[in-house]
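Read-outs throughout are calculated quantities, based only on the coordinates presented, and are distinct from any laboratory measurement. Remember, predicted model here, so these are calculated numbers, not experimental data. Methodologically, a virtual Cβ is constructed for each residue, glycine included, from the backbone with ideal geometry; neighbour enumeration extends over all protein chains shown.
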Amino acid sequence: MASDQATGGLQIHPMDQFIVKPLFGGDAIHWYTPTNVTLWMALAVVCVVLLLVIGTRGRALVPSRVQSIAELAYGFVYKMVEDVSGKDGVKYFPYIMTLFIFIVFANFLGLIPMAFTTTSHIAVTATMALAVFFFVTILGVVKNGIGFLSLFWISAAPLALRPILALIEVISYFVRPVSHSIRLAGNMMAGHAVIKVFAGFAGVLGVGAVFPLAAITAVYALEVLVSFIQAYVFAILTCVYLRDALHPHH
Amino acid sequence: MATDTKAAEPVGMPQLDFATFPNQIFWLVVTLVVIYFVLSRIALPRIAAVLAERQGTISNDITAADELRLKAQEAERAYEKALSDARAEAQRIVAATKAEIKADLAAATARADAEISARAAEAEKQIAEIRENAMESVTIVARATAGELVAALGFQADEAAVTAAVDAKVKG
């Protein structure tokens with residue numbers, strides 16, 4: 001979060017924090033090159049293991065603090081899947097838990113100063129959103145056959161309106177992965193960029209830096225909230241799409 | 001997949017530097033697969049088992065508590081029944097004892113009454129005897145006195161006559 005305030009004048013590079021860099025020098029980025037993406041994703045995996053595996057190794061009837069958190073996370077996502085997708089959606093709970101827990105940890109790790117936020121990249125969120133999109137679409141077709149198309153044919157509407165609504169529904173269906181992915185990446189990127197901009201102001205204002213610092217504190221608090229909410233939104237939208245695939249009839 | 005590009009110049013958004021996409025997507029897939037296996041093989045079954053066990057323990061405890069409560073109620077009923085039984089028994093014993101004592105008392109009273117009346121009769125007899133004896137003594141003394149008086153007056157007392165006179169007087 002430092003290092004970008006130039007020695008003189010107001011030079012802020014709020015986007016520099018998002019640059020993908022090779023971890024061990026060099027400047028070629030092959031698909032297999034270990035980069036800061038690799039590092040921060042690996043840290044997310046470490047956090048997941050610490051919380052959900054090491055934290056629960058006691059299998060205590062009366063849980064320790066960490067086990068409590070793990071159980072809360074489990075219960076939170078499980079209930080969300082059950083409530084939104086229905087009983088038959090529970091089968092897909094591990095997939096949604098995987099997405100949720102990864103996004104939560106990626107978002108929170110990104111809040112550490114100097115960190116790299118993997119979920120601020122559209123490549124990452126779009127991959128996840130497209131995976132969800134193809135998964136639920138294929139699942140819907142396999143489960144319901146041609147009946148899956150009734151998702152677009154709203155039988156509650158007047159007959160004359162149905163073709164128009166069907167067109168709108170189809171468009172909105174295919175826009176889903178776009179909104180699904182850009183919502184998360186955009187939120188992460190915007191928050192971090194804003195913090196960086198304020199940090200740049202703080203660098204040149206001298207004593208007056210208290211104002212940008214206060215602003216950074218406020219935005220940071222907001223970002224903590226956003227980090228969780230965006231993971232929640234991503235997971236719950238996945239549940240909604242899953243419900244549509246399992247029960248396409250309105 | 002093999003993309004061979006320079007780390008892009010930081011122009012605009014690094015998010016739109018498509019050269020880094022294969023790298024990010026590759027590592028994302030690796031990460032998600034690792035997390036998925038960690039969750040589905042270890043973490044989720046374990047947490048589910050712990051939660052189920054806790055649920056089972058709680059419902060078992062609640063059932064056990066219900067059973068114990070029923071038992072306690074039963075015991076209380078039994079206790080109360082025993083208490084009232086004991087109370088009734090005690091009252092019965094008290095009544096029986098009272099009746100027995102009353103009977104004993106009546107018998108003793110009767111016995112005492114009989115004894116008293118027997119003694120009274122005896123005493124009356126003795127008194128009558130004593131009175132009789134006293135009368136006789138008085139008669140004897142009177143005869144003797146009368147004889148002596150007659151003699152003192154210088155008369156030869158006719159004992160038979162004196163006796164008759166005294167007897168007549170005493171009976172008088």
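Taking the three principal axes of the alpha carbon atoms in the protein assembly as shown, the coordinate ranges are 197, 67, 42 Å, sorted in descending order.
Using a Förster distance of 51 angstrom, determine the FRET efficiency expected from the C-beta separation of A:Ile69 and B:Ser84, and round it to 0.05.
Computed FRET efficiency for A:Ile69 and B:Ser84 comes out at 0.30.
Ranking A:Ser179, A:Thr127, A:Ala245 by Cα position along the charge dipole of the stretch A:16-246, where only Lys, Arg, Asp and Glu carry charges on their C-beta atoms, puts A:Ala245 farthest toward the positive end. Where does helix A:122-144 land angle-wise versus the long Cα axis of chain A, in degrees 0 to 90, nearest 10? The angle comes out at about 10 degrees. Other residues within the sphere of radius under 15 Å centred on the Cβ of B:Ala118, judged by their own Cβ, net out at -1 (K and R +1, D and E -1). Across all C-alpha atoms in the stretch B:18-171, the radius of gyration and Dmax reach 60.7, 194 Å. Distance between the C-alpha centres of the stretch B:54-72 and the stretch A:111-144: 46 Å, rounded to the whole angstrom. Measuring gaps between exposed loop sites in chain A (trypsin sites (Lys or Arg not before Pro); DSSP loop; at most 16 other Cβ atoms within 10 Å), the longest gap, sites not included, is A:60-250. Name the most mobile residue of B:Ala52, B:Ala151, B:Ala86, meaning the one with the largest mean-square fluctuation, in a Gaussian network model of chain B with Cα contacts below 10 Å. Looking only at B:Ala52, B:Ala151, B:Ala86, the biggest GNM fluctuation is shown by B:Ala151. P(r) tail for the stretch B:39-91: Cα pairs beyond 14 Å make up 71% of the total.
Which three numbers, in whole Å and largest first, are the semi-axes of the equivalent ellipsoid of the stretch A:16-246 derived from its Cα gyration tensor as √(5λ)?
Semi-axes, largest first: 36, 24, 19 Å.
Screening chain B for DSSP H helices whose Cα atoms reach 27 Å or more along their own axis and whose mean Kyte hydropathy is at least -1.0 gives B:44-152. Near A:Phe133, once Lys and Arg are set to +1 and Asp and Glu to -1 for all other residues with Cβ below 12 Å from its Cβ, the sum equals 0.
Compactness of the stretch A:1-139 was expressed as the Cα radius of gyration divided by 2.2 N^0.38 Å, which yields 1.31. Once the Kirkwood radius over Cα pairs is known for the stretch A:55-120, the Stokes-Einstein relation at 37 °C and 0.692 mPa s delivers a diffusion coefficient of 244 µm²/s.
The mean number of partner chain beta-carbon atoms within 10 angstrom of a residue's beta-carbon across peptide A:14-27 is 3.
Using only alpha-carbon positions in the stretch A:85-193, the gyration tensor eigenvalues give semi-axes of 33, 18, 10 Å once each is multiplied by 5 and square-rooted (largest first). In deg cm²/dmol, rounded to 500, what helix-only [θ] at 222 nm does chain B give when every DSSP H run of at least 4 residues adds -39500 (n - 2.57) and the total is split over its residues? Using -39500 (n - 2.57) per qualifying helix, the result is -30000 deg cm²/dmol. The long axis of helix A:36-48 is offset from the longest Cα principal axis of chain A by roughly 70 degrees.
How high is the relative contact order of chain A, given as a whole-number percent (alpha carbon pairs under 8 Å, six or more residues apart)?
Numbers: 279 pairs, mean separation 70.1, N = 250.
Relative contact order for chain A comes out at 28 percent.
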